[in-house]
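The values are calculated or read from the model by the stated rules, or taken from the named source; none is laboratory data. What you see is a predicted model; the values in this text were computed from it and never measured. With ideal geometry, Cβ positions are generated from the backbone for all residues, glycine too; neighbour counts draw on all protein chains shown.
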Amino acid sequence: MNFNIALVKGDGIGPEIVGSAVRVLDEIASKYGHSFSYNEYLAGGAAIDETGVPLPDETREGCLASDSVLFGAVGGPKWDHLGGDERPEKALLKLRASMELFTNLRPARIYDALKADSPLRADIVDEGFDIMIVRELTGGIYFGERGRRDGDKGPEAYDTESYSVMEIERIAHVAFQTAMKRRKKLTSVDKANVLETSRLWRETVHRIGEQYPEVELSDMLVDNAAMQLVRNPSQFDVIVTSNMFGDILSDEASQITGSIGLLASSSLGEGTRGLYEPIHGSAPDIAGTGKANPIATILSAAMMLRYSFGLEREADSIEAAVEKALCEGHRTGDIAGEGDRILSCDEMTDVIIGYLR
C-alpha cells in the first residue's frame, strides 16, 4: 500500500525527531511491503523566517492533500516578541482548524522499565496504567465568545463556554468506539454539578452510550478526576472530556508516566486523515546536539499507522520495538538514571530499528 505523508518538521528539535520517525517508517515499509512518500512543508518559526507567516498557504494545502501529517514541534524564544496571531504556535491551531480535526487522542501508559521514574508512590505505580484520553478539540471555552468590558467592579474579561449537541455527539462516538477497541470502559469527565454545558454533555454522552451497550460508562467530576489520576490511575481505560478539561487532564496524565519525551498524540476529524505529533515542545536549547528523545515522535508515527492507515500489525511492531528498547536499558538523556549509558537521538533510533528487524 502507498501513503502520502506530509512532514512538518518545525523548529528546534523538530527536524531531528521527525527524521527519526521517517527512518522507522521506512523500515516498516521495507519489512511489510508498503510505500510511504513524503512531502516537506514549513510551519512555525521556520516558516516565519522564510515566508513571514507561521502557516503558509502551501503548507495548509499540502497537508490537506496528504493522507496524514507528521508534525514535529514549533516555537522558541527567537519568536517570543511576536503577537498572538503571528507566533509560531498559531501554525498548529490554524492547521487543526483547516483540517477540521475535532478529536485529540493522547495515550498515557507506564512502562515497566520506567516505573521508578514516575512521581507516584511505588505501590500505585506497581498497579500499572494504560489510559487513552479523548479530548474534544475545536469547541468549548477556547473557541467561545471572549472579550473585555467595563463591569460593576471596573474592567473585566470574559470567556464563554459553549457546546452544541452535535459537537458532543461526534466526540462521544469516537470515545465509545475507542473503548470498544480496548477494555470497554469509558469515563466521561465533566462539571455537571455547576456548569450547564456539562449537564448537556452528560445527557448527550449517556444517550449516545445506549448505542454501545458493551461499554461500561461512568461519570466523574473533573476535580475528582484530577485527584483520581494521581491516586489510582489504573482504574481508567478511556476518558472523554471537553477541550479545557482535556487540556489539563492530559498534561497531568503525561507527568505521571515519568517522562514527557515518550508521549505521542493524534488529532483526527471525520475521515482517516489526521495530524500526529509528540506532546513535548521544540526544546531549542538542545536542538542540533543529538540529545533529543525520538520516542514520542516514533510512537506518533505508530498511531498514524493505526488510526489513519489501518495498519494495526505495523503499529504494534513499532510499539513493541520501543518497549523492548526500554526494557533492555537503552536510554536518552531525559530518561537516563545514574550509571546509564546515554544514547543520542540517532543511536536510540538505530536501536528501535534493530528490534524491528
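Among the numbered criteria (1) part of a loop (DSSP other than H, G, I, E, B); (2) exposed (fewer than 15 other Cβ atoms within 10 Å of the Cβ); (3) not assigned by TED's automatic domain parsing to the domain that holds HIS330, which one does LEU120 miss?
(2)
Just to check your reading of the model, which residue among LEU82, LEU95, LEU64, LEU42 is buried (at least 17 other Cβ atoms within 10 Å of the Cβ) and either in contact with a Phe, Trp or Tyr (Cβ under 6 Å, 6 or more places away or on another chain) or over 26 Å from ASP346 (Cα atoms) (or both)?
Only one candidate qualifies: LEU95.
Please enumerate the residues belonging to segment 25-38 that are touching a strand residue (DSSP E or B) at 6+ places or on another chain (Cβ under 6 Å) and not in a strand (DSSP E or B).
Hits for segment 25-38 are LEU25, ALA29.
Within segment 166-197, how many residues are surrounded by 13 or more Cβ atoms within 10 Å (Cβ to Cβ) and either within 14 Å of GLY140 (Cβ to Cβ) or aliphatic (A, V, I, L, M) (or both)? So that I can check it myself, show each step before the final result.
Here is the first cut: in segment 166-197, the residues surrounded by 13 or more Cβ atoms within 10 Å (Cβ to Cβ) are 167-180, 182-192, 195, 197.
Adding the requirement that they be either within 14 Å of GLY140 (Cβ to Cβ) or aliphatic (A, V, I, L, M) (or both) leaves 167-168, 170-172, 174-175, 179-180, 186, 189-192, 195, 197.
Of the residues in segment 166-197, 16 are surrounded by 13 or more Cβ atoms within 10 Å (Cβ to Cβ) and either within 14 Å of GLY140 (Cβ to Cβ) or aliphatic (A, V, I, L, M) (or both).
Could you please give the count of residues in segment 253-289 that are among the acidic types (Asp, Glu) and in contact with a strand residue (DSSP E or B) (Cβ under 9 Å, 6 or more places away or on another chain)? Steps first, please.
The first filter runs over segment 253-289 and keeps only residues among the acidic types (Asp, Glu), leaving 270, 277, 285.
If we keep only those that are in contact with a strand residue (DSSP E or B) (Cβ under 9 Å, 6 or more places away or on another chain) too, we end up with 277.
The total comes to 1.
Table: residues versus (1) among the aliphatic types (A, V, I, L, M); (2) in contact (Cβ under 8 Å) with a residue 40 or more places away in the chain; (3) on the phi < 0 side of the Ramachandran plot.
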{"position": "THR59", "(1), (2), (3)": "no, yes, yes"}
{"position": "SER66", "(1), (2), (3)": "no, yes, yes"}
{"position": "GLU86", "(1), (2), (3)": "no, no, yes"}
{"position": "GLU89", "(1), (2), (3)": "no, yes, yes"}
{"position": "LYS94", "(1), (2), (3)": "no, yes, yes"}
{"position": "ALA97", "(1), (2), (3)": "yes, yes, yes"}
{"position": "ILE110", "(1), (2), (3)": "yes, yes, yes"}
{"position": "ALA116", "(1), (2), (3)": "yes, yes, yes"}
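Taking LEU200, is it among the hydrophobic types (A, V, I, L, M, F, W, C), surrounded by 11 or more Cβ atoms within 10 Å (Cβ to Cβ), at pLDDT 95 or above and more than 25 Å from the chain's Cα centre (by Cα)?
yes
Determine which member of the set ALA46, ALA6, ALA65 is touching a Cys at 6+ places or on another chain (Cβ under 9 Å) and more than 16 Å from ILE298 (Cβ to Cβ).
ALA6
If the requirement is being modelled with pLDDT under 95, over 27 Å from GLN177 (Cα atoms) and in a helix (DSSP H, G or I), which of these qualifies: LEU114, LEU82?
Unique residue meeting the criteria: LEU114.
What's the number of the only condition in (1) closer than 22 Å to GLY75 by Cβ; (2) not in a helix (DSSP H, G or I) that VAL22 fails to meet?
Just one mismatch for VAL22, condition (2).
Report every pair of residues separated by at least 6 positions or lying on different chains whose Cβ atoms are under 6 Å apart, first residue within segment 305-320 and at pLDDT 95 or above, second surrounded by fewer than 20 Cβ atoms within 10 Å (Cβ to Cβ) and polar (S, T, N, Q).
Pairs that qualify, where the first residue is at pLDDT 95 or above and the partner is surrounded by fewer than 20 Cβ atoms within 10 Å (Cβ to Cβ) and polar (S, T, N, Q), are SER308/THR272.
Of all residues being at pLDDT 95 or above and aliphatic (A, V, I, L, M) in segment 257-273, which is nearest to GLU136 (Cα to Cα)? Just the residue, please.
The selected residue is LEU268.
Restricting to segment 326-353, and then to whatever is under 19 Å from GLU16 (Cα atoms) and of a type in the set (Gly, Ala, Ser), can you tell me which residue is modelled with the highest pLDDT?
Looking at residues that are under 19 Å from GLU16 (Cα atoms) and of a type in the set (Gly, Ala, Ser), I get SER344.
Could you tell me whether ILE110 is in the same structural domain as MET244 (by TED's automatic domain parsing), under 22 Å from the mean Cα position of the chain (by Cα), among the aliphatic types (A, V, I, L, M) and surrounded by 22 or more Cβ atoms within 10 Å (Cβ to Cβ)? Write out each step before concluding.
Details: in the same structural domain as MET244 (by TED's automatic domain parsing): yes; under 22 Å from the mean Cα position of the chain (by Cα): yes; among the aliphatic types (A, V, I, L, M): yes; surrounded by 22 or more Cβ atoms within 10 Å (Cβ to Cβ): yes.
The answer is yes for ILE110.
Considering ILE295, ILE239, ILE256, which residue is touching a helix residue (DSSP H, G or I) at 6+ places or on another chain (Cβ under 8 Å) and surrounded by fewer than 24 Cβ atoms within 10 Å (Cβ to Cβ)?
Answer to the check: ILE256.
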